[in-house]
1. Show log10 I(q)/I(0) for segment A:68-207 at q = 0.21 Å⁻¹, two decimals, from a solvent-free Debye sum over equal Cα scatterers.
2. State the Cα centre-to-centre distance between segment B:10-54 and segment A:31-46 in whole Å.
3. Taking the Cβ-Cβ separation of B:Ala224 and C:Leu270 as r and a Förster radius of 51 Å, what is the calculated FRET efficiency to the nearest 0.05?
4. Out of every Cα-Cα pair in the protein assembly as shown, what percent are more than 63 Å apart?
5. Any chance you could run the full-extension gain for A:Glu178 through A:Asp39? It's 0.36 nm times the residue separation minus the Cα-Cα distance, nm to one decimal.
6. Hey, if you put +1 on the Cβ of every Lys and Arg and -1 on every Asp and Glu Cβ in the protein assembly as shown, which of B:Cys263, A:Ala5, C:Ala37 ends up farthest toward the positive end of that dipole?
7. Let's test this: bin the Cα-Cα distances of segment A:1-142 at 10 Å from zero up to the farthest pair and state each bin's percent.
8. State, as an integer percentage, the relative contact order of segment C:353-484 based on alpha-carbon contacts under 8 Å between residues 6 or more apart.
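The values are calculated or read from the model by the stated rules, or taken from the named source; none is laboratory data. Just so it is clear, the structure is predicted and the values come from calculations on it, not from any experiment. Reconstructed Cβ throughout: ideal geometry from the backbone, glycine too, with neighbour counts over all protein chains shown. All accessible areas refer to the heavy atoms of the entire protein, side chains included, with ligands and DNA or RNA removed. Shrake-Rupley method; radii C 1.70, N 1.55, O 1.52, S 1.80 Å.
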Amino acid sequence: MSSLADALGPVARDTADGGVLLAPGDERALANALHVLADQGARLNRDATLSRERLTEVGPVEPRSMTLEVGAGVVLQRLDDRLRTFGLTVGPLSPSAMQLTLGDFLEGPFAGLRAIPGGRLEPLCTRLVAVLADGRRLETSEAPRSAAGPDLSALVLGGHGRLGVVTRARVRCFPLPEADVRATYSLPSPAAFVTAFTRAVAEGAWPWRVHVDPRSGRVVAEVRLAGSAGAVERDRDLFGRCVDEAGGRPSGDAEREGPVAVSHESTWPAVQASLEAGRALQLFRLSLGTVVARGDVDGLRLDEPTAWSSLGGRLLALDPRGVLGGAP
Amino acid sequence: MSDALLRHAPAYTTCAYCPKMCRFACPVAEAAPSESLSTWGKMVAGHLVQTQQRPLDEDAARALHACTGCMRCSTFCKHENQVGPALFAARGATVEAGLQPRGAATTLATFTQSQNPFGRELATLVAARRALGPVKFQLFPGCSALVKAPALVDDVLEVARRFGAPMGVARVSSRCCGYPLYAAGAHDAFREHAAAMADAMSHVPELTVLDPGCALTFLKVYPAFGVKLQTRVHTLVEVLADHLPHAPATPPLDEVVGYHDACHLGRGLGQYDQPRALLHRAVRQVTEGASVRREGGCAGGGGLLPRTMPDVAVEVARRQAAEVTPSPDVAVVTACPTSRRMFERAGKKSYDLVTLLRRWTEGT
Amino acid sequence: MSTDARLSGLGSRWGAVPAGALPPPRAKVLAAKGALAEAVGGRVSFSDFDRLSYARDLWPLALLWIRQGKVPPPPDAIVWPGTEDEVARVVRVARDKRLALIPYGAGSGVCGGAWAIHGGVTLDLKRFDSIGPVDEARRCVDVGAGVMGETLERKLNFSGWTLGHFPSSIYCSSVGGWIAARSAGQLSSRYGKIEDMVLSLRAVLGTGEQLITPERPFSGPDLAPLLIGSEGTLCAFTGARLRVFPLPEGRVFHGFEFASVEEGLEAIRLVFREGLRPAVVRLYDPFDTAFVGKGGKARHAPVTPPSLRSAMERSFLPMMLRQVTKQTLGRPKVMNQLQRVFRKSRLILMFEGEAKRAEADDRAATMLCRKLGGDDLGEAPGRAWLARRYDVSYRMSRLIDAGTFADTMEIAAPWERVHEVYERVHAAASPYAFVLCHFSHAYADGCSLYFSFVGSGGDEQEIEQRYHQLWRAALAAAVSAGGNVSHHHGVGLLKAQALQDALGDGRHALAALKALFDPDGVMNPGKLGLSS
């Protein structure tokens, strides 16, 4: 066993490629491991790799608030499968997000964000528990919203685990849709598509995903709507009116498979530019300002960490020992 | 403590305990962004003086004088608190303590000497515009127009003639209405002046008043000081609006202008429709700001602010001009000589409504 | 030390001073006069009257003191910077001379966040008053931190837009203050809280660095949520890019009466579970329901302006009112027991936006409410509410003049805990004040509880003592029942200890942020429980 794995004790093991895998089972174990790493002058993400394989506990569902406590190592797709038995779902996340663990979704480029009806973004979790670089525990409130000082969960969300490592969180769910329909529209231009769809989202429509394809001078968009029968009906009516006002019309086109490509977080103008260049896109997490887009589009890559904004880098001073590995 | 302060005590207390619900509405506080000059800050000064919790000092005195009396705050007050009159009453304490801001003190000194705030002999100015023949209406231009904008008085006389409402400047116009005394806090002197003025006006059954500040003083402030006028007082815009059907059938000027509701004409006397009726006949397009009529902004000319805090007064005017129309090419029109002068001082192209009416009726 | 003694000491901990005899400015601040003046182009004041004006925000505790001729400790000086460079220069002076800096918007906070408990320099940011043109394509506007809320909303409305942010303080609060205290407006269920509207922030840190936070998408942690809600302890906000919405084309109101609070809460929960987002959702507890009345048409009640009141109205009636108040609100437990005879609870919903969608959403919500036994009251209660939406703030003057204390406490909890929080806070506060509550700012997973307290006592000392007892009891009950410390009023001094307790180990993270962004501890020391 390597000396580092040895020092870390039972929470660590050597890997086939000569590395060290750190797999704590709770916050205390993780905090202890961070202290050991610091004592050894070692860094997570460089000298040891974090695994959340032991952080997979799933708590009971709170049916009224539709929340439940979930270990950060649970893969979202598996969580969603399990939630179905309770009549719940994590809601419309992108396919790539669904393959991530809860921890990776919260800490990674997705920053744990999802769109809610009305087009606002909010974290998938309400309360989260994390271990910060100094080994201390951060536990945020489970209240839906707060004005009690700064939102300290921002130290973790999108932080790539460099400021704190999330161990579990209270996940907010939606009722499992009772209706799931697709509606297809043909619009005269990418600009008309963006106008119609941003308006519909702002007015309360909640599309689960959109396939959009610029074809022979028009844009064909197929939207998937899911929810209660009434909600789906209201959303379909709203989309119809917004599309109509933008000069579009319903279209009989069947669903087409969208391009399999990298996911980006993109702005609506970037989406429009991409459509104007004749590129088909799949859109997820449609919000007032940004979307998750699969296809050839400008934006922030979501499948791998990219360099931080300089301001985010200022926060690395909160890990003076560098035990969490510094900026990606 | 003076009776005036005691009478307004509930007004001061109401504001002192209030969560500043008119904070955004005070033009002075927006132009000179200090809490001390907010309606709340000024009324707290009144409260502290009235309750004798604090002796009056120069800064508190300055705050008590930092009000144009525009009454915009009262529009947003569910208590309908009359902040302007309460602050003007508290200015009496600054007179007694000799702590008036310089501009107010010099105005009082000038007034004492010449019975008007300009130190000018008004009788000569009036005599030059007395009607030669019979007139239908006696005009009271106000000393501000007589001294600062005599051409405006000529515009009034000409427009009135063309509207079939010939006017001549009333002899009584050689006296000031006394508003500067009221605004400076010399309330005993004001009461005395008002009584004398009422006496001098007693032989004039009906008077048409150009300056809304003078009209407000006659119609609202005199009665508040127990002075009763036997004269029926109308504003110029009232009379002209009544005679609009007799105006020449001239096409409107091909211009776009912005309209500013003068505070004393609008909130003070409730005259919002008459000037608009006149203006919409005279020009092709009239634009207005986000806040109009009862909620409209102030041009900074009232309450002696141009004399006590000239820079702030000009900033008030600059902001209101930008509110009415952000375009430098569009002139602001108002039915108040003082407001127009304030816009001019703020570098904004502006017309008095009557001047515009004259151009319209003359087709120029 | 007895509880009462500790509590009565609470007020004096922050050193109320006689309004008529302020302590002179501290020598070290006076010594920095030249440097401060140079930093802000001469816009600095050490005058007692200005210090008095900036000594308090709208924390009702200060009103009790004002009634006694006292004020909170004043700042030593006030500065009015107009550019970010000037703010940065002031921060450098403060760091150099170790002066406390208290960022100040419009002073509408209700928790003492703008109190100068360590003296120092109040940094009035109202000169940051620019409102840019609406970027219609991106639906946003650049606004200075010093812009007053109502001024901004009117400007936006004039060009066909709305921010959708309508706190009851909108007439007296600034954009910077909203951001500093994580404000929420009455229509937050549709438009979100202020943090949902902020696309980007402009601020000057306690280090003197100027920054503009990036807009999504970007990589790495988001600095904005760490600054929003920091109440001046980390930075001074100078401006923001805010999301705007087109003015709603339609608006639909609906009122319902439920047999109990529990049923009303269940209705709200199901409305949000269905994915509906009413702009307004307000459920009044039984006494609030009876107290506020059924709504009806909003009428303009005749008012006698204070200055025009007769001598009897000025002195005799208020004196009588004070006596009656003492006898009634001075015995709040009895009053609170009496209100238990009321059972029904009224809900107001308002949908707005695209007209047909608003109507469809209203129909869906109506079906849910009726299914739960809600009596349909039609649109009148909602319309009446809209007409009187800010009136409650005007009541403060009369309540204070009548010899009471009055305050509000806003907290949030997940649906599982909402009713228990309501019951426990009600019970805990009952010995000290008359208690009303409504539930608003709803989410799929919970909502906010907004308590109103009115109390009195035999004399000013007893009143103040009860006020402190009330807060300790109510906050402790709220947190122990699963509520949080604040939903939208912020923390300031009032809830500082409660926040630190609630944060647990997380308080070290907050302290670390403070050390990073304000290494010399000059920014609004003592607030959020952060020491200087």
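1. -1.28
2. Going from one Cα centre to the other spans 59 Å.
3. Numbers: r = 58 Å, r/R0 = 1.13.
The computed FRET efficiency comes out at 0.30.
4. Details: 105586 of 748476 pairs.
The share of Cα pairs beyond 63 Å in the protein assembly as shown comes to 14 percent.
5. On the way: separation 139, 0.36 × 139 = 50.04 nm, distance 5.41 nm.
Gain in length upon complete extension: 44.6 nm.
6. B:Cys263
7. Taking all Cα pairs of segment A:1-142, the binned fractions are 11, 37, 31, 17, 4, 0 percent.
8. Working: 150 pairs, mean separation 35.4, N = 132.
Over segment C:353-484, the number comes to 27 percent.
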